[in-house]
Structures are given as structure tokens and as C-alpha cells.
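For reference, the structure discussed in these notes is given below.
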Amino acid sequence: MPDNLRTAVTKHTKDELILQSTFADLEDFYETIVLPPPARKPKGKPTVENHVRYLEIHLVEKLKEKIYVSFEDLNAEIKKNSSSPQ
């Protein structure tokens with residue numbers, strides 16, 4: 001959820017949101033979606049920042065214990081660690 005998505009939006013109506021081609025390519029490449037923040041005062045940013053802090057503290061510390069030679073190995077380890085109970 002970008003802070004200022006206004007620069008990325010080409011057309012935004014009640015029924016449709018069309019992003020610039022760069023953001024559309026980003027969505028396709030990472031197989032995700034880009035959502036505009038709610039109007040006026042976005043309240044989701046602190047929640048996202050808390051999740052990122054949690055990942056930095058817990059997940060990254062576990063991943064530092066091993067050396068990864070490919071992204072596939074790293075992604076497999078992330079999935080294994082993120083799905084296990086804390």
C-alpha cells in the first residue's frame with residue numbers, strides 16, 4: 001500500500017482503478033495487487049509498519065543462521081519459518 005498512490009493512478013472511478021503501466025507490471029511480476037490507501041487519513045500504515053518490524057525482529061534473525069545459495073532456498077526457508085507457530 002503506497003503512501004501516495006495518486007501519481008500511480010491513471011483513472012479512478014467508483015467501479016474501476018487503472019494504474020500506470022509501471023505499477024501494472026509490478027503487480028504482474030510479483031503476483032500481487034496494489035491498492036490505493038483510504039481517502040483522507042490512512043490508518044493502515046502503522047499496522048503495516050508493525051508487521052515489518054515483527055518480521056525484522058523474528059524472521060530475519062532466524063534466517064541469519066544459514067547461508068542461502070538461491071532465492072528458491074531462501075523462499076522455502078521463509079515459508080517454513082513463517083508458517084511455524086512462535
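Among the residues of the stretch 57-78, are any modelled with pLDDT under 85 and open to solvent by 100 Å² or more (accessible area, probe 1.4 Å)? No, every residue in the stretch 57-78 fails to be modelled with pLDDT under 85 and open to solvent by 100 Å² or more (accessible area, probe 1.4 Å). Close contacts from the stretch 5-30, counting a first residue that is free of Cβ contacts under 8 Å to residues at least 60 places away in the same chain and a second that is part of a helix (DSSP H, G or I) and open to solvent by less than 90 Å² (accessible area, probe 1.4 Å), with Cβ to Cβ under 7 Å and a gap of 6+ residues or different chains, come to Ala8/Phe23. Residue check: Pro36 meets all listed conditions (1) at pLDDT 75 or above; (2) in a loop (DSSP other than H, G, I, E, B); (3) not basic (Lys, Arg) but one, namely (1).
Answer yes or no as to whether Lys41 is exposed (fewer than 11 other Cβ atoms within 10 Å of the Cβ) and modelled with pLDDT under 85. Walk me through it before giving the result.
Numbers: exposed (fewer than 11 other Cβ atoms within 10 Å of the Cβ): yes; modelled with pLDDT under 85: yes.
Spelling it out, Lys41 is indeed exposed (fewer than 11 other Cβ atoms within 10 Å of the Cβ) and modelled with pLDDT under 85.
The values are calculated or read from the model by the stated rules, or taken from the named source; none is laboratory data. Treat the numbers as computed from the prediction; the structure is a model and nothing was measured. Every residue, glycine as well, gets a Cβ built from its backbone with ideal geometry; the counts of neighbours run over all protein chains shown. In case anyone asks, the SASA skips ligands and DNA or RNA and just uses the protein heavy atoms, side chains included. Shrake-Rupley method; radii C 1.70, N 1.55, O 1.52, S 1.80 Å.
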